[in-house]
Each structure stands twice: as structure tokens, then as C-alpha cells.
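Engineer: Right, I'll just put the structure down here and ask away after.
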Amino acid sequence: MVPTLQQAVAAALLGTLLGPALARFATAQIAALDSRAGSRQRGLEIGEALQRCRAAGLAVPRHWCWTHTAVLALALGGGWLLGGGGAAGLYLALAFALASFAALLDLRAFWMPDSVTLPLFWLGLLGAALGVAPVSPADAVLGAAAAWMLTASLQGLARWRWEGPVLGDGDVRLLAACGALTGLSGLPRFVALLVTAAVILELVWSWAHPREPRQGQPSEQADWLPFGAAIVAAWMGSMGLAAVLP
């Protein structure tokens, strides 16, 4: 256990070194996604984000730089420790890093791009196929399918009931990815934690962000919630409970 703990600390230190670069890339990625949304351009934005990232005039808010650094350090160190080191630890550290990056993008700009959710989904299936995930391949596939069907149904119902997008397509894909990572066997625990996380997010976000458009924010975003943050928090909590409970 001691070597694993030492390796987890080393992984966390690596996260502190990579954090500023990741914050810069996230800022460039958000700018690329915003420009594509305005021009209705389709396709992955990674190439454009990398070009923007190399630009000298890109301004990265200091508080987000610190946030990305701290979150990446915790994700890499915590994932390695929960996975027990080795290949399983590396797998869970990468999954935690990707998921937490998705949550921060949602918190920063209400974006949940395919360039983040799809790699997380395939990482879950690949980890199960290689035997480094805590679930079997069949469990991962069934978990992804069940999570996708449940959330897609809720999305359709919400759009019919409230005549607007309540749950974004990115949230649905993120939930499918978490279903693959959790497996069908862990889905009930994940859903229970997700309900709790969603209620807490609604209360905290309503208190911290009054439902009025802020300066520079489109009016239709006044009622949006970064639901991806709740999804990631619930998934990480379910993975933590699965690691410590018999």
C-alpha cells in the first residue's frame, strides 16, 4: 500500500505540472466551440483549439488555471490510489482526469463536446475489454446501454413536457460513458448518487447564480445548469464507494 500511496502522490504532482497547460487548452477549446456554434461549423474542434492554444494573445483566467491544476492533481492521484496502482490505477486515473475535465468545461461555459465524452466512453469499454476496469466487458456494455436509454428517454420526455432542451445531448453521452465505466451492476448506486448530486447542484447554483442573464451571457443560458458536474461527481463517488465497500 505504501508504494501505491507514493505513486499516487507522484501522479498528483504530475497533475500540478500539467494543470496550467490543460487550463490553457480548455480556454482555447471553449473559444473554438463558441466560434463553431456561431458559424454552425461541424466536426471536432481539437485542431482549431490547438491552433488557438499556440496563439500568444490567449488569456487564461487565473482562477481557472488554479482550478484546473488542483482538479487534475486530485483526479490523477485519487484515480491511481483507488485503482490500486499498476494498469488499473493508470486506467482509473485517466478516466478521472477526462471526466473532471468534462465537468470543468461544463462549469466554465456549458459545453460538453464529443471530443471529451466519446474518448471517455471508449476508455470505459476498452478498460473492461483489457481487464483493467472493475467491471466485465458485458457489464460495461449493458451499463452504457441502460444509462443511454434511460437518459435519452428522460431527455425526450423533458423536451415534450417543457418544449425545450432540458438535458443536453452532451449530458446524455456523458451518462452513457459513465454507465460503461460503472457497469450495469453499479448503475443503481450511480443513479442514487446522481439524484443527490443534481439536487445539491440545483440548490447551490440557484443561490450562487440568480436566474437572470449576466453581462455577456446569452439570455437563453440564464436557466442552464452545468449538469455534467453533477454527473461526474456522482460517478466518482460511486467508484469510490465501490472501491472501499465489500
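The values are calculated or read from the model by the stated rules, or taken from the named source; none is laboratory data. Just so it is clear, the model here is predicted, and its values are computed rather than measured. Neighbour counts are summed over all protein chains in view; Cβ atoms, including those assigned to glycine, are modelled from backbone coordinates with ideal geometry. These area figures cover heavy atoms from the full protein model, side chains too; ligands, DNA and RNA do not enter into them. Shrake-Rupley method; radii C 1.70, N 1.55, O 1.52, S 1.80 Å.
Engineer: Once every DSSP H run of n ≥ 4 in the chain is given -39500 (n - 2.57) and the sum is divided by its residues, what mean residue ellipticity at 222 nm do you get, rounded to the nearest 500 deg cm²/dmol?
Structural biologist: Counting only the DSSP helices, I get -27000 deg cm²/dmol.
Engineer: For region 55-113 and region 167-205, what is the separation of their C-alpha centers, rounded to whole Å?
Structural biologist: Region 55-113 and region 167-205 have Cα centres separated by 18 Å.
Engineer: Turning to a different aspect of this structure: What is the extension gain from Thr4 to His63, computed as 0.36 nm multiplied by their sequence separation minus the C-alpha to C-alpha distance, in nm to one decimal?
Structural biologist: Working: separation 59, 0.36 × 59 = 21.24 nm, distance 3.08 nm.
Gain on extension, Thr4 to His63, equals 18.2 nm.
Engineer: Follow-up question, since we're still on this one. Determine the share of region 1-127's accessible area contributed by carbon and sulfur atoms, expressed in whole percent, with a 1.4 angstrom probe.
Structural biologist: Summing carbon and sulfur atoms, their accessible area is 70 percent of the total for region 1-127.
Engineer: Per residue, what accessible area does the chain have, given a 1.4 Å probe and all protein chains present, in Å²?
Structural biologist: Result: 53 Å² per residue.
Engineer: Then there is this: Please quote Rg/Rh for region 1-117 to two decimal places, taking the Kirkwood radius as Rh and restricting both calculations to Cα atoms.
Structural biologist: The Rg/Rh ratio comes out at 1.04.
Engineer: List the equivalent ellipsoid semi-axes of the chain in whole Å, largest first, each obtained as the square root of 5λ for an eigenvalue λ of the Cα gyration tensor.
Structural biologist: Result for the chain: semi-axes of 28, 24, 17 Å.
Engineer: Right, here's the next one. Given a Förster distance of 22 angstrom, what is the FRET efficiency for Val244 paired with Val195, based on the Cβ-Cβ distance and rounded to 0.05?
Structural biologist: 0.55
Engineer: Also: Which length gain, in nm to one decimal place, applies between Ala70 and Leu126 when the Cα-Cα distance is subtracted from 0.36 nm times their residue separation?
Structural biologist: Extra length from Ala70 to Leu126 when fully extended: 17.4 nm.
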